[in-house]
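Enquirer: Below: one structure in C-alpha cells.
No value in this document is a laboratory result; all are computed from the given coordinates. In this text, all values refer to a predicted model and were calculated from it rather than measured experimentally. Positions of Cβ are backbone-derived with ideal geometry, glycine not excepted, and every protein chain shown enters the neighbour counts.
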Amino acid sequence: MINTGKLAGRTIFITGASRGIGKAIALKAAQDGANIVIAAKTAEPHPKLPGTIYSAAKEVEEAGGKCLPCVVDIRNEQQVIDAVQEAVSKFGGIDILVNNASAISLTGTLQTDMKRYDLMHNINTRGTFLVSKVCLPYLQQSNHAHILNLSPPLNMNPFWFKNHVAYTMAKYGMSMCVLGMAEEFKDSNIAVNALWPKTAIHTAAIEMLSGPEAGDISRKPEIIADAAYAILIKEPRTFTGKFFVDEDVLRDEGIQDLSQYAVNPANADNLMMDFFLDAPDVASSQSDIKRPGGGTKIAKMFDVIQHNLNPELVAKTNASFLFVVKGDEEGTWFVDLKSGKGSAGKGKPPSGPDATLTMNEKDLFDMFTGKLKPAGAFMTGKLKISGDLQKALKLEKLMGMLKSKL
C-alpha cells in the first residue's frame, strides 16, 4: 500500500502502540507526516517483550512523523484524560483514534478467574469505550474524524463462544462500540469502523500462543497497518459502521499478491486463520476417525513417545500432561516430563497434570506428526486445554522431535 500523504498533519491517538500492530499503524501514518500519540503502559524495557513508548516514538520520528509518547493504562480514567489533554495541547486537536490495546485469555468458564475476566473487560470493552468517550469532543471538531477499533465482526455462531466465552464477550464489546457509536455520531461526520485480520499476525500474543515457530503460520503486522491506512484516508461521511477484514480491504485497493505480508513467504498458503470469522467444519474431523475393528495407533504413538524421552527434554519442559482421547481408542494417556528422563503411557501422570488436553484421536495423531499445529488446533476448537496453557504449548518441542518417527 503506497502512502498518499493524506494523513500529513493529522493527529492520531493510538492505544497499545509501543509494539506490534499498534506500532505498525503508527509507522505507516508517520510516513505521511502525521502526528502520532503513543498511549501505552511500557515506559521501561520489558524482560520478555520488545519496545517501549520511547523506542517506538523514536521510530515514528525517523519515519517522518512527529510523536508524543504517553504512559497510559487505559483502565485509568485520569491517565486517559491527561494523555488526551497533552495531545491536544501539543498538536492542537485529535483527528483519528485507533483503539488497539487488548488483553486475551483463551480459557473456558471454569478456568477463567475473575481477575483475568476483569482485566480483559476493563481493557478491551471499558478501555475502548473510555478512550473513545474522552477523544470524541475533539473528534467532533475535526474535518477528518475516524475511530478504528481492532475488533472482529459480530459473528454470533456459538462456536466462537464455547471455548473462551469471557474473551469473546470482551472483544465483542469493542465491536459493539463500533455498532453503537457509528450510528450515534454519523451526523457529526465521525467514521467508526472495525478492522480484523484474516490470519494470525506475528505479535507477542501469537508467539505466546504458538511458540517460536509462530512466524511460519503468521503474517506481519504491516498487513493490518496497510489496511488501517486504506480505511483512515477515506472520507468519514461515507465510510462508517463497517466491519472490515484486512485482506478484503487490500484487495479492494488493488493489492492481489498478499504473500509479501507473510513472515515466511514460502508458507504463505498455509497460514493459521484468526478467530471469529467463518467457523471451521469441525464435524468432518469426527466423522473420519472410526475404523472397522478399532486400532492401536494412539497406543503405538505413546510407545514411541516413551522411547524418545530424555533428561534434556525434561529439563526444558518441566511439566506433565494428561490427554483425554476421543474416538476409537477413547481413553486417557499421559506424558510426564518432570523428573528423570520422563515417562509416557496409558492412564494419568504420577505427579498430577499441569495441563489436560482433550481431542479426537485423528487430530491428536496429526498434531504429533506435524500435520496440525497445536495453536491452530486450539484456535479452531479441535484441541481443548484446561490448566496451564503456557505449559501445554511447550509440547510443540516434543512434537517437533517426534514427527519423523511416527
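Enquirer: Going from the alpha-carbon gyration tensor of the stretch 68-123, what semi-axes, largest first and in whole Å, does one get by taking the root of 5 times each eigenvalue? Provide the component values of the computation, followed by the final result.
Expert: Working: eigenvalues 195, 24, 10 Å².
They are 31, 11, 7 Å, listed from largest to smallest.
Enquirer: Lys186 to Asp82: extension gain in nm, 0.36 nm per residue of separation minus the Cα-Cα distance?
Expert: Values: separation 104, 0.36 × 104 = 37.44 nm, distance 2.68 nm.
So the extension gain works out to 34.8 nm.
Enquirer: Highest mean first, how do 88-98, 221-231 rank when packing is the count of other Cβ atoms within 10 Å averaged over residues? List each step's numbers first, then the result.
Expert: Values: 88-98: 20.2, 221-231: 23.6.
Sorting 88-98, 221-231 by mean packing, highest first, produces 221-231, 88-98.
Enquirer: Between Glu62 and Arg251, what length comes free when the chain is fully extended (0.36 nm per residue of separation minus the Cα-Cα distance, one decimal in nm)?
Expert: On the way: separation 189, 0.36 × 189 = 68.04 nm, distance 2.92 nm.
Once the chain is fully extended between Glu62 and Arg251, it gains 65.1 nm.
Enquirer: Suppose we keep just the DSSP beta bridges with both residues in the stretch 283-402; what percent of those would be antiparallel, to 5?
Expert: Values: 15 of 21 bridges.
Around 70 percent of the beta bridges assigned by DSSP in the stretch 283-402 are antiparallel ones.
Enquirer: About its Cα centre, what dipole magnitude does the chain give when the only charges are +1 on Lys and Arg Cβ and -1 on Asp and Glu Cβ, stated in debye to the nearest 20? Don't skip to the answer; put the middle values down first.
Expert: Working: 45 positive and 44 negative charges, 196 e Å.
In debye, rounded to 20, the chain gives about 940.
Enquirer: For the pairs Lys133/Lys186; Lys115/Lys362; Lys66/Lys115; Lys220/Lys394; Lys66/Lys198; Lys66/Lys220, flag any whose C-alpha to C-alpha distance is greater than 26 Å.
Expert: Values: Lys133/Lys186 15 Å; Lys115/Lys362 36 Å; Lys66/Lys115 37 Å; Lys220/Lys394 23 Å; Lys66/Lys198 31 Å; Lys66/Lys220 24 Å.
Correct reply: Lys115/Lys362; Lys66/Lys115; Lys66/Lys198.
Enquirer: Give me the number: length gained by fully extending Phe159 to Ser89, i.e. 0.36 nm times residue separation minus the C-alpha to C-alpha distance, one decimal in nm.
Expert: On the way: separation 70, 0.36 × 70 = 25.20 nm, distance 4.64 nm.
Value of the extension gain: 20.6 nm.
Enquirer: Which one of Ala83, Ile255, Leu364 has its Cα pushed farthest toward the positive end of the charge dipole of the chain, where Lys and Arg give +1 and Asp and Glu give -1 at the Cβ?
Expert: Working it through, the farthest residue towards the positive pole turns out to be Leu364.
Enquirer: Ok, one more. Among DSSP beta bridges whose residues both lie in the chain, state the antiparallel percentage, nearest 5.
Expert: Values: 17 of 50 bridges.
Given both bridge residues lie in the chain, the antiparallel proportion sits at roughly 35 percent.
Enquirer: From Cα pairs below 8 angstrom and at least 6 apart in sequence, can you work out the relative contact order of the stretch 283-402, rounded to a whole percent?
Expert: On the way: 216 pairs, mean separation 29.6, N = 120.
Computed value for the stretch 283-402: 25 percent relative contact order.
Enquirer: Of Met1, Asn143, Gly127, whose Cα points farthest to the positive end of the dipole of the chain (charges on the beta-carbon: +1 Lys, Arg; -1 Asp, Glu; origin at the Cα centre)?
Expert: Gly127
Enquirer: Which order, highest average first, do 242-252, 106-116 follow once you tally other Cβ atoms within 10 Å for each residue and take the mean per peptide? Could you put the intermediate results ahead of the total?
Expert: Numbers: 242-252: 17.4, 106-116: 13.3.
Peptide ranking by packing, descending: 242-252, 106-116.
Enquirer: Which log10 I(q)/I(0) values, to two decimals, does the stretch 11-267 give at q = 0.07, 0.15, 0.17 Å⁻¹ under the Debye formula with one point per Cα?
Expert: -0.22, -1.11, -1.46
Enquirer: Compute the normalised compactness of the stretch 283-402: alpha-carbon radius of gyration over 2.2 N^0.38 Å, N being the residue count.
Expert: 0.99
Enquirer: Given the rule -39500 (n - 2.57) for each run of at least 4 DSSP H residues, summed and divided by the residues of the chain, what is its mean residue ellipticity at 222 nm, to the nearest 500 deg cm²/dmol?
Expert: Details: 17 runs with 153 residues, N = 406.
About -10500 deg cm²/dmol.
Enquirer: How many nm is it between the label spots at Lys346 and Glu330, if each spot is 7 Å from the Cα in line with the beta carbon?
Expert: Output for this residue pair reads 1.6 nm.
Enquirer: Let me ask you something else. Helix 128-139 versus the longest principal axis of the chain: what is the Cα-based angle in degrees, 0 to 90, to the nearest 10?
Expert: Helix 128-139 and the main axis of the chain meet at about 20 degrees.
Enquirer: A further question on this structure: Pairing the Cα long axis of helix 165-184 with the longest principal axis of the chain, what angle in degrees results, from 0 to 90 and rounded to the nearest 10?
Expert: 20 degrees
Enquirer: If one computes the Cα centroid of the stretch 338-406 and of the stretch 18-82, what distance in Å separates the two points?
Expert: Using only Cα atoms to place each centre, the spacing works out to 38 Å.
Enquirer: Counting only C-alpha contacts under 8 Å and six or more residues apart, can you give the relative contact order of the chain as a whole percent?
Expert: Taking the mean separation of contacting Cα pairs over the length of the chain, I get 12 percent.
Enquirer: Any idea which of Ile385, Phe302, Tyr229 is furthest toward the positive side of the dipole for the chain, if Lys and Arg beta-carbons carry +1 and Asp and Glu beta-carbons -1?
Expert: Phe302
Enquirer: In degrees from 0 to 90, rounded to the nearest 10, what is the angle of the helix 20-30 Cα long axis to the longest principal axis of the chain?
Expert: The helix 20-30 is inclined about 30 degrees to the chain.
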